[in-house]
Each structure stands twice: as C-alpha cells, then as structure tokens.
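Below: one structure, written as structure tokens.
The values are calculated or read from the model by the stated rules, or taken from the named source; none is laboratory data. Keep in mind that what you see is a predicted model, and the values were worked out from it rather than measured. All Cβ positions, glycine included, derive from the backbone under ideal geometry; neighbour counts span all protein chains shown. Protein only, heavy atoms only, side chains kept; ligands, DNA and RNA dropped before computing areas. Shrake-Rupley method; radii C 1.70, N 1.55, O 1.52, S 1.80 Å.
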Amino acid sequence: MAALRAVLGGRGGGGRVPVPPPSLCRGASAWGALQSLGQWCWGGGAAAAWAQRLRSRRLRRKNAYYGLTRERYGDNLAAAAFTLLCGGGVRFKDRDLWVRGRWRPELLQLRNVPVVAVDLSGSQLTYDGLDNLVQLRELQHLDLSGCPHVDDWVLGRLHVFQGSLLELAVARCPRVTERAWPRCTTSRICGVWT
C-alpha cells in the first residue's frame, strides 16, 4: 500500500489522489493489475520494465547456488534441498520412494547416500540453477520436462553427467531446439524423451 501511495503522489498530505482505473479494482490478476497501473501512471514502459526486473530477480533467487548448504551437509543434500524448494522430487540410492514436498530434518540421515534421480519437471530451473546439481556423481535419471527456461545451453552443460546419466526427459521445453541434440545423443544417455 505504501508503494501505491508513493506512486499516487505522496503520503496523503495535500493534493487530490486520483482514482485508479476500474481494471485495478475488480479481481484482475496481479500481472494485469500491474500492467494497468503502469499504463495509468507512466504510459506502461516504466512499470513493464520494473515488473520484468522483478521477475528476473525472483528467478535468479530461485536458482541461487546453495554453497553454504553444500559446505555444511554435502553435495547430495544441497541438491536435494534445491530440488525440493523448486517443487521437485529426489530419489536416493537404494530407496524406492521419491522425496517430494518440503525439506524435512529426517533427510539429514541420508547425508552420505547419493542422489540417483531428480525430477524438476515444470520448475523454473535455469542454467545457473544447474550449479546445484553438477556435483551429483551417481545421477541416473533427470526429468526437466516442461521447464520454460531450459534451453540448448542447459542441455550442453549436462555433459558432466555422461558417466552416470541413463535417462533424460526434456519434453515440452519450449526453448530447446534441434541444435542441442547432437551434443546430447553423442553422450552415453540411453533414453532421451522429447
């Protein structure tokens, strides 16, 4: 509310506060409301640029490197924490059940158990987010299907898993092109789902 007051002309002292357009008042989505506010206040350019910077900052924060977690608990738990916070799931070696949902303290018991499968389907994973996964030496299954930010650069970085990765799923990734496939198919990956 304070931000809206600042945009509308101060803290309410002196001057008439203009009434927002009706599209801001009636159950519009957050993005629609922001667009309307931007067009109403600045002609759209400044608000749209601000919203894009906000989305970009949020995406960078979601894909931040878990260095402190890695130092304290090891590569496997850092990758598991990153995956769970992205809304995905992990499976540890010699365990049949996937771990999904929120981080649980019981996972600390699996500190020295390698992660063999990661499901990040539909998440906001980017190239930078792979920093949290590249240390997994026994990763066999990686599901990136439906990730809107996975592109050819991300697939090119998966060469670090060529000694262990058996299955890779990248279906419904809009930024993946056919240029990435020569790099992926020349490695030892047995199943690539597009």
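Overview of results
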| read-out | value |
| --- | --- |
| Count of residues meeting criterion [under 18 Å from CYS147 (Cβ atoms) and in contact with a Lys or Arg (Cβ under 7 Å, 6 or more places away or on another chain)] in segment 57-85 | 1 |
| Filter result (closer than 15 Å to ASN76 by Cα, open to solvent by less than 10 Å² (accessible area, probe 1.4 Å) and assigned to a loop (DSSP other than H, G, I, E, B)) within segment 132-174 | LEU133, LEU136, LEU139 |
| Residue within segment 26-46 that is surrounded by fewer than 15 Cβ atoms within 10 Å (Cβ to Cβ) and at pLDDT 90 or above present | no |
| Cβ-Cβ under 7 Å pairs, at least 6 apart or on other chains, segment 142-155 side touching a residue at least 60 places away in the same chain (Cβ under 8 Å), far side assigned to a loop (DSSP other than H, G, I, E, B) | HIS149/GLN124; HIS149/LEU125; HIS149/THR126 |
| Near pairs, Cβ below 9 angstrom, 6+ apart or cross-chain, from segment 95-114 (closer than 12 Å to GLY74 by Cα) to any residue that is open to solvent by 100 Å² or more (accessible area, probe 1.4 Å) | LEU110/ARG95; VAL113/ASP94; VAL113/ARG95; PRO114/ARG137 |
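Yes or no, residue by residue, for (1) small (Gly, Ala, Ser); (2) in a loop (DSSP other than H, G, I, E, B); (3) open to solvent by 90 Å² or more (accessible area, probe 1.4 Å):
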residue	(1), (2), (3)
ALA49	yes, no, no
LEU59	no, no, no
GLU71	no, no, yes
LEU77	no, no, no
ALA80	yes, no, no
ASP96	no, yes, yes
ALA117	yes, no, no
LEU125	no, yes, no
LEU130	no, no, no
